[in-house]
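Asks: Take a look at the following structure, please.
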Amino acid sequence: MCLLLWASRGLWPTRAGHTIEKAALARHTYWRGPLVLAEPERTNYDLRFRLLGFPVRVHPWFWLGSVLLGASALDLGLQYLALWVLVVFVSILVHEFGHALAFRWYGADADVVLYAFGGLAIPSHTVSGRWRRIAVSLAGPAAGFVLCGLVYGSNEALGWVVAVRSRELAFVYGALVSVNLVWGIFNLLPVFPLDGGQVCRELCGMKWRGRGERISLQISFGTALAVVAWSIFCAMDRSNIGAGVLTGLPWWIPRGTIYTAILFALLAMTSYQLLQRTGGYGGGSDDRLPWEK
Ligand SMILES: [Zn+2]
């Protein structure tokens, strides 16, 4: 399967012209690692449109990233690669609109940007309250699960994939269901800066206050390493090195690939670097938040 990289940076306002709280700004500049999640620069080749009142910008790298992810679809034909890009476009848009609509629900406006392997929903101002921020983070994967459920459920009820007898339609159906399900599950892992990582950070902050930041990064680091190990195991199992044990697992358990191994290795590195900047991996006595130091 493909990797995912739509991280709702979500809670860090960056739009010029808005008054930004000092702490939030410091947090924005603080959270940087190998994967920089700043808003990508504007180019002359951006595709821009408005949807449901939200400005949407599609960076040219989005198309390149989608093509790279779906390169194997070329084996079936060029039209399948085009359909794959369409599926990724719709899926990431739906995910980001989940975040954007949640921002609107809590009184913030939002811009949606699709970029390289993911997207961003950038709010006009911060949403106050941990539970509200958790709801915003969960809204993205939830939107994807709803889309997956609608596509899957409607076919279960009406059998439209078989009825239409189109290989292209069957391809779109399979891609929509698996992309939205598997990417949603990966996105809920407690790994920074994925949506699950944001939720974990808020929950740890609730339980351990100042120490929560560091604990959530430790969880993020450990989980990311576990995904790397799982991905390598899956990649080996698929090749003739492995024993083929994956074939006995339910289909909905996400299989890792060499791409997820690389992605989560980068995410583990990000968490590790951030841990060092918060007082060192394994803890310390300084409980202040990074931007308070
Ligand atoms: Zn998200």
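Asks: Search the structure for amide H atoms under 5 Å from the amide H of residue 125, placed 1.01 Å from N in the peptide plane, and list their residues when 5 or more places away or on another chain.
Replies: 109
Asks: Next question, about the same structure. Any idea what % of Cα-Cα pairs in the range 83-172 are farther than 24 Å?
Replies: Summing the P(r) of the range 83-172 above 24 Å gives 33 percent of all pairs.
Asks: As an exercise, find the ratio Rg/Rh for the range 150-237 from alpha-carbon atoms, using the Kirkwood inverse-distance average for Rh. Intermediate values should be presented prior to the final figure.
Replies: On the way: Rg = 18.8 Å, Rh = 15.6 Å.
Rg/Rh: 1.21.
Asks: To continue, here is another question. From the phi of every residue in the range 63-70, what ³J(HN,Hα) in whole Hz does the Karplus formula 6.51 cos²θ - 1.76 cosθ + 1.60 yield, where θ is phi - 60° and glycine or proline is x?
Replies: 5, 5, x, 5, 5, 4, 5, x
Asks: Then there is this: Just want the ordering: 46, 75, from fewest to most Cβ atoms lying within 10 Å of their own Cβ.
Replies: The fewest-first ordering by Cβ neighbours comes to 75, 46.
Asks: Taking the Cβ of each residue in 125, 99 as the centre, tally the other Cβ atoms inside 10 Å and list the residues starting with the fewest. Let's see the in-between values first.
Replies: On the way: 125 17, 99 29.
Lowest to highest Cβ neighbour count: 125, 99.
Asks: Could you work out Rg/(2.2 N^0.38 Å) for the range 23-182, with Rg from alpha carbons only?
Replies: Ratio of Rg to 2.2 N^0.38 Å for the range 23-182: 1.15.
Asks: Continuing with the same structure: Sorting 80, 152 on the 10 Å Cβ count, fewest up front, what's the list?
Replies: On the way: 80 19, 152 15.
Ranking 80, 152 by Cβ neighbours within 10 Å, fewest first, gives 152, 80.
Any read-out appearing in this document is the output of simple, stated calculations on the displayed coordinates, not a laboratory observation. This one's a predicted model, so the numbers in the text were calculated from it and none came from an experiment. When we count neighbours, we look across all protein chains shown, and the Cβ atoms used for this are built from the backbone with ideal geometry, even at glycine.
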